[in-house]
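Novice: Below are the structure tokens for one structure; questions will follow.
The values are calculated or read from the model by the stated rules, or taken from the named source; none is laboratory data. What you are looking at is a predicted structure, and each value in this text was computed from that prediction instead of being measured. All Cβ positions, even for glycine, are placed from backbone atoms using ideal geometry, and neighbour counts span all protein chains on display.
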2 protein chains.
Amino acid sequence: MMNLSIAEENYIKSIYKLEEEGQEAVTTNALANELDTKPASVTDMAKKLKEKQLISYEKYQGINLTSEGKKAALSIIRRHRLWECFLVDKLSFSWEEVHELAEELEHVRSEKLINRLSDFLGNPQIDPHGDPIPDALGKMGKPRVQTPLHKAKAKRLEVVAVSDKSTALLEFLNAKGIRLGTQLDVIERYEFDNSIELKIRNQPAFTISEQVSKNIMVKPI
Amino acid sequence: MMNLSIAEENYIKSIYKLEEEGQEAVTTNALANELDTKPASVTDMAKKLKEKQLISYEKYQGINLTSEGKKAALSIIRRHRLWECFLVDKLSFSWEEVHELAEELEHVRSEKLINRLSDFLGNPQIDPHGDPIPDALGKMGKPRVQTPLHKAKAKRLEVVAVSDKSTALLEFLNAKGIRLGTQLDVIERYEFDNSIELKIRNQPAFTISEQVSKNIMVKPI
DNA sequence: ACTTTTATTTAGATTTACCTAAACTTTATT
DNA sequence: AATAAAGTTTAGGTAAATCTAAATAAAAGT
Ligand SMILES: [Mn+2]
Ligand SMILES: [Mn+2]
Ligand SMILES: [Mn+2]
Ligand SMILES: [Mn+2]
């Protein structure tokens with residue numbers, strides 16, 4: 001596997017993410033938006049990554065990772081999520097603080113370092129946001145059947161992941177007492193704005209917007 | 001303190017190192033050599049760092065860090081050495097493996113991260129090569145009176161640091177059983193090539209070159 | 001089918017961090 | 001003091017990663 005620049009790694013990771021979110025072919029605009037850059041820059045980089053055989057790309061046809069590209073993406077994601085575990089488990093950061101830091105730490109490329117880190121952490125399977133961690137060979141468990149709260153049918157649910165890692169959302173969840181493993185009772189669903197009234201065991205009920213519930217992944221208990 | 005690029009940080013750190021080694025003003029050539037780059041590139045960067053007020057520099061007169069520059073250098077060195085401690089103490093790397101990795105990790109700039117890391121490690125005072133670690137305020141203990149083995153007078157000595165961090169030297173020292181804290185008996189000094197015959201407690205005596213002894217810092221016991 | 005809107009690409013610049021080759025200073029040697 | 005050698009800077013260029021503005025293609029509306 002060849003050496004990628006930090007910029008190239010960030011592109012690969014974002015392409016992986018958008019593909020995972022369902023995009024058949026990742027569009028120039030979607031990538032520009034995800035990476036907070038301009039479409040023209042994406043087109044430039046697309047040519048370069050195609051040259052390196054990490055993506056398939058034809059003018060106006062969007063982008064897809066090749067199997068080489070997927071391998072690279074999984075390796076970067078593994079680093080990212082292990083560093084997040086380290087920060088939370090060992091340095092007592094909270095889940096809304098670690099994404100930005102891991103965004104930088106993930107670019108230190110050393111197999112040996114990352115495998116030792118994994119051992120040191122007890123080879124964790126999920127990161128602080130509930131996302132699965134690829135193993136040293138790039139295997140990432142099952143695709144994880146993620147039901148977002150706004151589509152869940154059961155009344156009693158457990159939080160298994162959050163899909164948006166922004167500080168804004170995570171701080172909101174902190175304030176409401178929602179974290180990984182939290183058990184929720186759905187009291188009411190309001191059709192008007194798709195808001196949901198929730199209750200956590202000994203606490204008073206509260207309401208969250210659809211925007212929020214879309215980003216909370218749950219499983220029935 | 002402004003934001004420095006990785007390249008700028010590496011320059012600042014190298015200037016600090018060369019100043020520490022005694023250079024009144026750091027020369028263009030010395031820096032180019034230290035950073036494995038070309039003198040013309042050093043001149044370019046010198047202009048930029050002067051602009052940012054991190055160094056004082058006049059054409060043909062060499063380079064010196066300003067107090068701002070020193071502050072920046074100490075912060076980078078703190079990060080470098082704490083990561084080295086982490087790698088050795090927590091991930092069981094050996095001392096010859098950690099310099100290159102720390103060379104990358106040091107560029108993740110977060111006060112909070114580095115202070116938590118320091119706490120996590122028990123606020124160590126010296127790194128795996130015997131070098132002192134600046135505290136959060138940039139204080140670095142005493143300048144440490146480092147006697148290189150080739151100049152030491154006493155017969156019984158303890159290894160307190162190594163000044164060259166190359167894998168080559170450190171692996172050589174590993175092979176000879178020399179590490180931090182090792183106690184050495186000087187058996188003989190050969191005037192011809194300044195080689196030194198040494199003995200470590202239960203082991204057979206062996207001889208090291210001046211090249212090596214220059215890089216082993218000792219104190220009498 | 002034609003037109004408007006949206007998405008994407010190209011053309012041409014910019015910034016950072018390098019480089020080589022040539023010019024210029026400083027220092028050392030006759 | 002004059003010349004040679006060594007060190008340093010300038011001039012001009014390259015590659016990566018970005019940008020804006022203009023051109024072109026695809027999609028959506030009528
Ligand atoms: Mn990143
Ligand atoms: Mn995460
Ligand atoms: Mn470095
Ligand atoms: Mn060190």
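Novice: Give me the pairs: first residue in the range A:149-178 and within 15 Å of A:His129 (Cα to Cα), second residue surrounded by fewer than 15 Cβ atoms within 10 Å (Cβ to Cβ) and of a type in the set (S, T, N, Q), beta-carbon distance under 6 Å, and six or more apart or on different chains, which are they?
Specialist: Listed by first residue and then by second, the contacts come to A:Glu158/A:Gln183.
Novice: Something else about it: Report whether or not A:Ser56 is polar (S, T, N, Q), surrounded by fewer than 19 Cβ atoms within 10 Å (Cβ to Cβ), assigned to a loop (DSSP other than H, G, I, E, B) and not assigned by TED's automatic domain parsing to the domain that holds A:Leu170.
Specialist: no
Novice: Any residue in the range A:26-45 that is within 14 Å of chain B (Cβ to nearest Cβ) sitting within a Cβ distance under 8 Å of a residue that is within 7 Å of DNA strand D (Cβ to nearest atom) and not basic (Lys, Arg)? List the pairs, counting only those 6 or more apart or interchain.
Specialist: Sorted first by the residue in the range A:26-45, then by its partner, the list stays empty.
Novice: Consider A:Gln61 against the criteria (1) part of a loop (DSSP other than H, G, I, E, B); (2) within 14 Å of DNA strand C (Cβ to nearest atom); (3) in contact with an Asp or Glu (Cβ under 7 Å, 6 or more places away or on another chain); (4) of a type outside the set (Gly, Ala, Ser): it satisfies all of them except one. Which criterion is unmet?
Specialist: Here A:Gln61 meets the rest and fails (3).
Novice: Counting only residues that are surrounded by 22 or more Cβ atoms within 10 Å (Cβ to Cβ) and under 14 Å from the mean Cα position of the chain (by Cα), which one in the range B:86-101 is farthest from DNA strand D (Cβ to nearest atom)? Quick ask: steps written out before the conclusion?
Specialist: Taking the range B:86-101 first, the residues surrounded by 22 or more Cβ atoms within 10 Å (Cβ to Cβ) are B:86-87, B:95, B:98.
Narrowing the set further to residues that are under 14 Å from the mean Cα position of the chain (by Cα) leaves B:95, B:98.
Values: B:Trp95: 32, B:Val98: 26 Å.
This residue is B:Trp95.
Novice: Check B:Lys13 against each of (1) away from ligand 4 (no atom under 16 Å from the Cβ); (2) at pLDDT 95 or above; (3) closer than 21 Å to B:Gln146 by Cα and name the one condition it does not meet.
Specialist: The failed condition is (1).
Novice: I would also like to ask the following. Among the residues of the range B:1-24, what is the count of those that are surrounded by 15 or more Cβ atoms within 10 Å (Cβ to Cβ) and either without any contact (Cβ under 8 Å) to a residue 40 or more places away in the chain or away from DNA strand D (no atom under 15 Å from the Cβ) (or both)? Please lay out each step first, then the result.
Specialist: First pass over the range B:1-24, keeping only residues surrounded by 15 or more Cβ atoms within 10 Å (Cβ to Cβ): B:4, B:8-19, B:23.
Checking which are either without any contact (Cβ under 8 Å) to a residue 40 or more places away in the chain or away from DNA strand D (no atom under 15 Å from the Cβ) (or both) leaves us with B:4, B:8-14, B:16-18, B:23.
Final tally of qualifying residues: 12.
Novice: Pick out the one residue from A:Glu197, A:Glu210, A:Glu191 that is touching a helix residue (DSSP H, G or I) at 6+ places or on another chain (Cβ under 6 Å) and farther than 30 Å from A:Ala73 by Cα.
Specialist: Of the residues listed, the single one that is touching a helix residue (DSSP H, G or I) at 6+ places or on another chain (Cβ under 6 Å) and farther than 30 Å from A:Ala73 by Cα is A:Glu210.
Novice: Does the range B:114-140 hold any residues that are under 18 Å from the mean Cα position of the chain (by Cα) and within 15 Å of ligand 4 (Cβ to nearest atom), and which are they?
Specialist: From the range B:114-140, those under 18 Å from the mean Cα position of the chain (by Cα) are B:124-135, B:138-140; that's our starting set.
Within the range B:114-140, B:Pro124, B:Gln125, B:Ile126, B:Asp127, B:Pro128, B:His129, B:Gly130, B:Asp131, B:Pro132, B:Ile133, B:Pro134, B:Met140 meet the criteria.
Novice: Of the residues in the range B:89-122, how many are more than 11 Å from every other protein chain (Cβ to nearest Cβ) and touching a residue at least 12 places away in the same chain (Cβ under 8 Å)?
Specialist: 5
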